[in-house]
Amino acid sequence: MQALTGLDPLAVERLRADLTALVGPLADRRLGVAVSGGPDSMALLALAAAAFPGQVIAATVDHGLRAESACEAAMVARWCDGAGVPHATLAIADRPGARDNLHDWARRERYRLLGDWAVDGGASLLATAHHADDQAETFLMRAARGSGVAGLAGIRANGRIKVTRSVPGAMLVFDEWIVRLVRPLLGWRRRELRALAERASLPFVDDPSNADPRFDRAQYRELLARTPLLDAAQLARSAAHVAEAEATLTAIEAWLWRERVRREEDSLALDIAELPPELRRRLAREAIEQVRSDRGITRPTFSAAANIESLLDALEAGKAATQAGVIARPAGTLWRFAEAPPRRLSGSAQSG
């Protein structure tokens, strides 16, 4: 179609190969593409539409945080109409709370909407346009914050979004779908994606927040731009190495979970004998998440990135502690995790 003219055939083939390396042959699967309207996501959309004609659908999330966002979504919709790509604009109805981190809130709402949209559109795969420069920025930001292995692994090439919906007419019965989240551009640079968009005359906009020094990421982006010794491609490669180590640790964690965890009447018992601190940390975090899932605990919030060091310190000292609605009690080499009594609910660890 006219909208796809001007694309470099080698770039199209490269995208096809990169996506195939992540998910295998696409076959008859439908691919959802998240498109903000920036040059990176527009390049991904155009490449994907050319590489997999008739199998791509696109969505733009309108966060409603800038007056221009509706016009930007409309721009993407017009291009998709010309390219024969089904497009949806997804609006966030709620506003961030006073205590919400704006970026965290926006990311959480964005993926929630995109997951629902992908399921409704029959797309088992959802691609985003994160690239090597994004990865380098993330690596530096997390290193500066003292992140561990999981944090330094940065943006994962593969992820998943779990979509859960209640079954009409059935109490406490839910349908569940898994949308595979893929990032095929992690080996691409920002500058080459922008050049591709310009050569193909793709419409795009530059989000002003990307250069706003009030945001940490914008400061790290500027640092990388003016510091030749910090090579974005090499930093992204380091993140990939850490991601490999993280995957190995995750596999060990899964094995230990099977070997060291047992379910009791109202708790999980974890045997931490002779385990190094990192594996204790991982298994304790998994135990918290499992109890929360089993007991339907949703408040306070908890994520894989939550800091549980205070809870671990208490357990190592032989004291009980609570975090995110879960109480942990040590007994020799066993740590038991159960739902905390209502009066003990807390978003941070409390020893007692």
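The values are calculated or read from the model by the stated rules, or taken from the named source; none is laboratory data. This one's a predicted model, so the numbers in the text were calculated from it and none came from an experiment. As a convention, Cβ positions derive from the backbone with ideal geometry for all residues, glycine included, and neighbour counts pool all protein chains shown. Quick note on the areas: whole protein, heavy atoms, side chains included, nothing else; ligands and nucleic acids left out. Shrake-Rupley method; radii C 1.70, N 1.55, O 1.52, S 1.80 Å.
Summarise the accessible area of the chain (1.4 Å probe, protein heavy atoms) by the percent that is carbon and sulfur.
52
Which distance in nm do the two modelled labels at Asp28 and Ala93 give, with both placed 7 Å along the Cα-to-Cβ direction?
3.5
State, as an integer percentage, the relative contact order of the chain based on alpha-carbon contacts under 8 Å between residues 6 or more apart.
Here the relative contact order equals 15 percent.
Can you figure out the FRET efficiency of Leu230 with Ala305, using R₀ = 25 Å and their beta-carbon distance, to the nearest 0.05?
0.55
Quote the relative contact order of region 38-176 in percent (integer), defining contacts as alpha-carbon pairs under 8 Å separated by 6+ residues.
19
So how much slack lies between Trp177 and Leu10, counting 0.36 nm per residue of separation and subtracting their Cα-Cα distance, in nm?
56.7 nm
Modelled label-to-label distance, Leu249 and Ala17, 7 Å Cα→beta-carbon offset: nm?
The answer from the label model is 3.3 nm.
With everything on Cα atoms, drop me the angle between helix 9-23 and the longest principal axis of the chain, reported from 0 to 90° to the nearest 10.
20
Of the chain, which part is the longest with no trypsin sites (Lys or Arg not before Pro) in a loop (DSSP not H, G, I, E, B) and with at most 13 other C-beta atoms within 10 angstrom?
In the chain, the maximal stretch lacking such sites is 215-352.
Please give the per residue accessible area of the chain, computed with a probe of 1.4 Å over protein heavy atoms only, in Å².
Result: 52 Å² of accessible area for each residue.
Would you mind calculating the gained length between Ala218 and Ala143 on full extension (0.36 nm times residue separation, minus the Cα-Cα distance), in nm to one decimal?
Difference between extended and current length: 25.4 nm.
Any idea how far apart Glu265 and Leu279 come out in nm if each label point goes 7 Å out from Cα toward Cβ?
Each label point lies 7 Å from its Cα, and together they span 3.1 nm.
Provide the gained length on full extension for the span Ala211 to Asp120, in nm with one decimal, where the gain is 0.36 nm per separating residue minus the Cα-Cα distance.
29.3 nm
What is the antiparallel percent of DSSP beta bridges lying wholly in the chain, to the nearest 5?
That works out to approximately 65 percent antiparallel.
Using only DSSP helix segments of four residues or longer, with each worth -39500 (n - 2.57), what per-residue ellipticity at 222 nm results for the chain after dividing by its residue count and rounding to 500?
-14500 deg cm²/dmol
If you keep only loop residues by DSSP, which chymotrypsin sites (Phe, Trp or Tyr not before Pro) in region 211-283 have at most 16 other Cβ atoms within 10 Å of their Cβ?
Filter output for region 211-283: Phe215.
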